[in-house]
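This report refers to the structure that appears directly beneath it.
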Amino acid sequence: KAGVTQTPRYLIKTRGQQVTLSCSPISGHRSVSWYQQTPGQGLQFLFEYFSETQRNKGNFPGRFSGRQFSNSRSEMNVSTLELGDSALYLCASSFRQGASSGNTIYFGEGSWLTVV
Amino acid sequence: KNQVEQSPQSLIILEGKNCTLQCNYTVSPFSNLRWYKQDTGRGPVSLTIMTFSENTKSNGRYTATLDADTKQSSLHITASQLSDSASYICVVSGPHFGNEKLTFGTGTRLTIIP
């Protein structure tokens, strides 16, 4: 079956602009989580959605927001972009909410965002 | 503060050799520990998931061990192949205010040379 699909794969934005990233989870998965990956900080958790509700949130400013639709697809939005937002944004899906041992988390290929 | 530290930061070995990557964590309480492989420019792929009661788990040439008492894990790669060149990320999960919080290591960059 198809994996986690993220679009776009690459994008360049200017400081102050906003960006929306999209994620389609594996069919049947209801949990979608988002992560930011930078060379210096590694992977950092942004938020998790399950059944259209945000269930968990990391320590990111309010400029980072997301939502999940009834078909489990999710979008992530970053407003007023800063140079430091340049990163690989990864979406992951799983059948159940959370990170219990029986819940394998599958990652997409990511969206590379460059802010200039 | 919950932390996951991986060592070494980078490693270069010859094809066919074995290697071991280390992960030390301070996450408490602890639920499970995962190892992921991430090829350059790709998303991470799950290798193993272990709970506190599991000491070892294998996935082909990859074998992970866990000592929950000392809060240490290792990932052993046997008979390395060029395709093993990647970053290996250790992720520890623990309960956090009714949810599970994932704490990520910064990874070990492994390069296999022919």
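The table for this structure:
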read-out: Per-region count, the stretch B:1-47, residues in a strand (DSSP E or B) and of a type outside the set (Lys, Arg); value: 24
read-out: Candidate set from the stretch A:96-109 (those that are within 16 Å of the chain's Cα centre (by Cα) and surrounded by fewer than 19 Cβ atoms within 10 Å (Cβ to Cβ)); member that is nearest to the other protein chains (Cβ to nearest Cβ); value: A:GLU109
read-out: Of the criteria (1) touching a residue at least 40 places away in the same chain (Cβ under 8 Å); (2) within 29 Å of B:PHE30 (Cα to Cα), which one A:LEU81 fails; value: (2)
read-out: Residue pairs meeting the criteria (Cβ under 7 Å; at least 6 apart or on separate chains; first away from chain B (no Cβ under 11 Å), in the stretch A:45-59; second of a type in the set (Val, Ile, Thr)); value: A:TYR49/A:VAL32
read-out: Hits in the stretch B:1-45 (condition: among the basic types (Lys, Arg) and surrounded by 13 or more Cβ atoms within 10 Å (Cβ to Cβ)); value: B:ARG34, B:LYS37, B:ARG42
read-out: Residue that is assigned to a strand (DSSP E or B) and either of a type in the set (Phe, Trp, Tyr) or at the interface with chain A (Cβ under 9 Å from one of its Cβ atoms) (or both), where the choices are B:LEU102, B:LEU66, B:LEU110, B:LEU75; value: B:LEU102
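Quick note: the coordinates plus some simple rules give every number you see, no bench work behind them. Everything numeric in this text was worked out from a predicted model, so none of it was measured. Neighbour counts are summed over all protein chains in view; Cβ atoms, including those assigned to glycine, are modelled from backbone coordinates with ideal geometry.
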